[in-house]
Amino acid sequence: MNIPGLDELTSTDAADGIDQHVVGAVIDHGGTLLLLKRPADDFRGGTWELPSGKVEPTDTDLYAALHREVTEETGLTISTITGYLGAFDYTSGSGKHTRQHTWTVTVANPAEVHLSEHDESAWVVTTDQHPVSAEVQQLIDAHLANPAG
């Protein structure tokens with residue numbers, strides 16, 4: 001899979017007037033994908049999502065943010081970034097024009113999920129029992145069409 005350069009992604013985002021960056025990960029372990037359930041009282045509460053989060057000013061780049069967010073939200077450590085799935089835009093709960101960039105990754109010790117911000121986690125083959133947004137479903141479908149990354 002072609003992985004665009006980080007400079008290319010951030011330059012495009014700047015030209016598009018993006019206010020906030022979010023990074024996300026499709027974590028694939030043996031054909032199952034990790035989903036996290038947002039707390040009911042949170043923005044998009046009760047929905048399932050990929051491990052993801054805001055890029056912070058202290059992050060040196062999007063990859064650093066991706067590693068940090070996966071560890072913060074799941075307790076897992078990324079072993080390898082295997083591909084870039086794409087991006088989608090949305091308006092955040094605070095009204096910011098936000099773009100989420102999502103990569104496929106592998107992790108060390110996938111059985112050791114420790115949640116810090118979500119109510120539940122699930123390793124799934126499909127999202128039938130775990131509703132996700134249309135944007136996240138498109139990313140999952142893209143991954144499943146080319147699971148090798």
Criterion violated by THR74 - all others in (1) modelled with pLDDT under 95; (2) surrounded by 16 or more Cβ atoms within 10 Å (Cβ to Cβ) satisfied:
(1)
I need the full set of residues from segment 44-63 which are in contact with a Ser or Thr (Cβ under 9 Å, 6 or more places away or on another chain) and either within 25 Å of ALA14 (Cβ to Cβ) or surrounded by 19 or more Cβ atoms within 10 Å (Cβ to Cβ) (or both), in order please.
TRP48, GLU49, LEU50, PRO51, SER52, LYS54, ASP61, LEU62
Within segment 43-76, tally of residues that are without any contact (Cβ under 8 Å) to a residue 24 or more places away in the chain and not hydroxyl-bearing (Ser, Thr, Tyr)
8
From the list THR82, THR102, which one is touching a Phe, Trp or Tyr at 6+ places or on another chain (Cβ under 8 Å) and modelled with pLDDT under 95?
THR82
Filter result for the condition that a residue is among the β-branched types (Val, Ile, Thr), over 15 Å from the mean Cα position of the chain (by Cα) and surrounded by 14 or more Cβ atoms within 10 Å (Cβ to Cβ), over ILE18, ILE27:
ILE18
Unique match (being basic (Lys, Arg), modelled with pLDDT of 95 or more and surrounded by 14 or more Cβ atoms within 10 Å (Cβ to Cβ)) among ARG38, ARG68
ARG68
If a residue has to be touching a residue at least 60 places away in the same chain (Cβ under 8 Å) and part of a loop (DSSP other than H, G, I, E, B) to count, how many in segment 1-12 make the cut?
4
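The values are calculated or read from the model by the stated rules, or taken from the named source; none is laboratory data. Just so we're clear, the structure is a prediction, and the values are computed from it rather than from any experiment. FYI the Cβ positions are ideal-geometry reconstructions off the backbone, even for glycines, and counts take in every protein chain you see.
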